[in-house]
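Trainee: Have a look at the structure that comes next, please.
The values are calculated or read from the model by the stated rules, or taken from the named source; none is laboratory data. No experiment lies behind these values; they were computed from the predicted model shown. We place every Cβ from the backbone using ideal geometry, glycine too, and count neighbours over all the protein chains shown. Each accessible area value is taken on the protein alone, full model and side chains, heavy atoms only, with ligands, DNA and RNA left out. Shrake-Rupley method; radii C 1.70, N 1.55, O 1.52, S 1.80 Å.
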Amino acid sequence: MTVHTTLDSPLGELLLVGEASATAKGGTALVSLSVPGQKGGAVVRDGWIRDDAAFAEIAGQLRAYFAGTLTRFDVEYAPGAGTDFQRRIWAALDSVPYGTTTTYGALAARLGLSRAAVRALGTAIGRNPVLVVRPCHRVIGADGALTGYAGGLDRKRRLLDLEAA
């Protein structure tokens with residue numbers, strides 16, 4: 001069963017989508033976290049059930065993050081999203097520390113990918129279904145420029161400013 005809720009945030013109203021999980025803190029594994037107007041963001045579908053209580057743990061972590069008191073999320077992701085390549089890239093994103101940034105090229109090198117694969121890496125990052133929680137906002141251009149964020153570059157800047165990166 002797919003459940004959803006919304007949460008007010010400094011980025012606008014977040015849409016959280018999840019599935020029940022016996023192993024997730026709070027009992028819900030996160031499927032998607034979208035911001036308003038996000039390219040490729042989730043939209044509520046027929047059959048989904050609004051269940052604010054199912055997201056109490058995740059919402060608490062998000063509030064603490066936006067308040068500047070949480071630097072690492074402890075959220076279970078629902079299985080099944082993405083290709084093997086995308087999941088590999090997303091796992092690497094999870095290892096980029098709070099308050100730091102990395103470049104697309106550096107991330108590709110760390111994963112042993114060729115320079116030619118940087119574009120594919122960027123595409124995989126752009127398909128991250130759980131913005132904010134999985135820190136794709138911490139990946140920047142080689143020249144330090146803010147590039148490519150499905151939630152918009154203004155939100156990417158706000159997240160980096162929050163983390164003082």
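Trainee: What accessible area per residue comes out for the range 1-133, rounded to a whole number of Å², with a 1.4 Å probe?
Mentor: Result: 51 Å² of accessible area for each residue.
Trainee: What is the Cα radius of gyration of the range 67-127 over 2.2 N^0.38 Å, N being its residue count?
Mentor: It is 1.22.
Trainee: Then there's this: Using Cα pairs under 8 angstrom and six or more residues apart, how large is the relative contact order of the range 1-58, in percent?
Mentor: Relative CO of the range 1-58 lands at 38 percent.
Trainee: Oh, and also: Let me check I've understood the local charge: for R127, count other residues with C-beta under 14 angstrom from its C-beta, Lys and Arg +1, Asp and Glu -1. What total comes out?
Mentor: With Lys, Arg at +1 and Asp, Glu at -1, the neighbours total +4.
Trainee: Mind telling me which of R138, R63, R45 comes out most flexible in a GNM of the chain, alpha-carbon contacts under 10 Å?
Mentor: Comparing R138, R63, R45 in a Gaussian network model of the chain, the most mobile one is R45.
Trainee: Report the gain in length on full extension from A81 to A22: 0.36 nm times residue separation, minus Cα-Cα distance, nm rounded to one decimal.
Mentor: 19.4 nm
Trainee: In addition: State, to one decimal in nm, how far the label point of R63 lies from the label point of T147, with both points 7 Å from Cα in the Cβ direction.
Mentor: It is 3.9 nm.
Trainee: What FRET efficiency do you get for Y98 and D52 if R0 is 30 Å and r is their Cβ-Cβ distance, rounded to the nearest 0.05?
Mentor: 0.65
Trainee: Over the C-alpha atoms of the range 46-85, what are the Rg and the largest Cα-to-Cα span, Dmax, in Å?
Mentor: 13.4, 36
Trainee: In Å and from the alpha-carbon atoms only, list the Rg and Dmax of the chain.
Mentor: 15.4, 45
Trainee: Give the long-range amide H neighbours of V130: residues separated by 5 or more places, or on another chain, with amide H under 5 Å away, using H modelled in the peptide plane at 1.01 Å from N.
Mentor: L33
Trainee: Go through A106, F73, A92 and say which Cα lies farthest out towards the positive end of the charge dipole of the range 69-116; charges sit on Cβ, +1 for Lys and Arg, -1 for Asp and Glu.
Mentor: A106
Trainee: Same structure again: What percentages, rounded to whole numbers, describe P(r) for the range 23-89 computed over all alpha carbon pairs with 10 Å bin width beginning at zero?
Mentor: Result, from short to long distances: 17, 43, 37, 4 percent.
Trainee: When only Cα pairs under 8 Å and 6 or more residues apart are kept, what is the percent relative contact order across the chain?
Mentor: Value for the chain: 23 percent.
Trainee: Right, another one. Which length gain, in nm to one decimal place, applies between D8 and R115 when the Cα-Cα distance is subtracted from 0.36 nm times their residue separation?
Mentor: Result: 34.6 nm gained on full extension.
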